[in-house]
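**Q** Okay, handing you the structure first.
The values are calculated or read from the model by the stated rules, or taken from the named source; none is laboratory data. This is a predicted model, so every value here is computed, not measured. Don't worry about glycine lacking a Cβ; one is built from the backbone with ideal geometry, like all the others, and counts go over all protein chains shown. We work out accessible area using only protein heavy atoms, side chains counted, and drop any ligands, DNA or RNA first. Shrake-Rupley method; radii C 1.70, N 1.55, O 1.52, S 1.80 Å.
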Amino acid sequence: MILDKYFRRPVLYDYLISLVVAIILFVVYSKGIFNLPKDERSLSMTSDLANVGLTSAGFILTLLTVLITFKSSSKINKKNYSDDDSLFDLFFSSELYFMTVRILKNCIKSLILISVIGFALKLAIPKDFLKYVFFYNIFGLIIIALTLYRCLLVLTKVLKMQE
């Protein structure tokens, strides 16, 4: 299944997709097909994306904390589970739990990275290059959207186990 391949290296695929889209848009811009928004608007969008990234990282961190807390209260492990145990309890003793934690942890890292780069660009980019912040915004927006979608997929699978 395509999602299995995606979840092997989701951060890599997210960044590759985002980079390809940003490069395509840069090439299209270079050919004069569209104009960039004003610098102030791009900088404002950079702040918005950085704030959304940090806020989303906080929500995912909360979800991760809840999962870890549930795991610590679970008394089952790989050696002592039985057929009577709930699927959700079995989840905590399986490799899926550790894969879920890894995926969520990488989501947090990715969102924080995008946010820090956005704030750093706002602080350090020379005035002559401000118009190119638009392409970073496109890159960051796609990363944030794909990361949140990945978290939603993981959360949906975990919720299905509780049924």
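**Q** Quick check: is even one residue across the range 79-91 at pLDDT 75 or above, surrounded by 15 or more Cβ atoms within 10 Å (Cβ to Cβ) and within 29 Å of ILE144 (Cβ to Cβ)?
**A** Yes, some residue in the range 79-91 is at pLDDT 75 or above, surrounded by 15 or more Cβ atoms within 10 Å (Cβ to Cβ) and within 29 Å of ILE144 (Cβ to Cβ).
**Q** Then there's this: Between ILE142, ILE125, which is within 16 Å of ALA50 (Cβ to Cβ) and crowded, with 18+ Cβ neighbours inside 10 Å?
**A** ILE142
**Q** Suppose we filter ALA120, ALA22 for residues that are touching a Phe, Trp or Tyr at 6+ places or on another chain (Cβ under 7 Å) and in a helix (DSSP H, G or I); which single one remains?
**A** ALA22
**Q** Separate question: Counting only residues that are over 29 Å from VAL133 (Cβ atoms) and open to solvent by 80 Å² or more (accessible area, probe 1.4 Å), how many does the range 95-122 have?
**A** Residues that pass the stated criteria total 4.
**Q** Every residue in the range 56-71 that is more than 13 Å from the chain's Cα centre (by Cα) and among the β-branched types (Val, Ile, Thr), please.
**A** Taking the range 56-71 and keeping what is more than 13 Å from the chain's Cα centre (by Cα), we get 62-71.
Answer for the range 56-71, where residues must be more than 13 Å from the chain's Cα centre (by Cα) and among the β-branched types (Val, Ile, Thr): THR62, THR65, VAL66, ILE68, THR69.
**Q** Check off (1) touching a helix residue (DSSP H, G or I) at 6+ places or on another chain (Cβ under 7 Å); (2) free of Cβ contacts under 8 Å to residues at least 40 places away in the same chain; (3) open to solvent by 50 Å² or more (accessible area, probe 1.4 Å) for LEU19 and give me the number that stays unchecked.
**A** (2)
**Q** Criterion first (under 18 Å from LEU19 (Cα atoms), in contact (Cβ under 8 Å) with a residue 24 or more places away in the chain and of a type outside the set (A, V, I, L, M)) does LYS122 satisfy it?
**A** no
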